[in-house]
Amino acid sequence: MMTRFLFLLLLMGGLAAGDVAAQQTTPPMPRRGPPVVKFAKWGLLGVAGGLGLYALRHSTRAEQAYDDLRAICLAAPLRCEHTGDQYADAPAESLYRQAVAEDRRAQLGIFGGQATLFGSVGLFIYDLRDDRVPTTIPYPGPPDPPGIVFATIVF
């Protein structure tokens, strides 16, 4: 009876040791999830570029409206007199309001572009981690030096 118990105990111990050895020899399985980060980082980079173009377009329009207002004021300074907090001339006031509105749109584009660019950079950095490679890479060691064979001929 005792020998059967010892035999079963040894058999169970051998199976447990075999399970541990089998777990150590199998390579770790990489975690693969949906490629959300890969699409999101490029999407945010595209949105940042689009918002940069949006800001450039509206900044150019604001600059053009301001240049037109400056040309009016240089040609006829009386048209650019202020009554309170606005221009007395309606076209000059319209150009001023257009320049301010376009400038605000450009600022929104710049801030939005910066935020999405920072988000994209963060996702690029996050995606640098790579779970697809094993944690330990076997090193083959240095190559063997070429063997020199000395042969002697005996007569």
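The values are calculated or read from the model by the stated rules, or taken from the named source; none is laboratory data. Computed from a predicted structure; not experimentally measured. Cβ sites come from the backbone with ideal geometry, for glycine too, and all protein chains shown count toward neighbours.
Observations
- Filter pass, residue 72 being under 30 Å from residue 125 (Cα atoms) and not small (Gly, Ala, Ser): no
- Meets criteria (among the small types (Gly, Ala, Ser), on the phi > 0 side of the Ramachandran plot and either at pLDDT below 90 or out of contact with any helix residue (DSSP H, G or I) (no Cβ under 6 Å at 6 or more places or on another chain) (or both)) for residue 84: yes
- Residues in segment 39-89 that are of a type in the set (D, E, K, R) and over 45 Å from the mean Cα position of the chain (by Cα): 79, 81, 85, 89.
- Any hit, segment 61-75, residues being at pLDDT below 90 and in a helix (DSSP H, G or I): no
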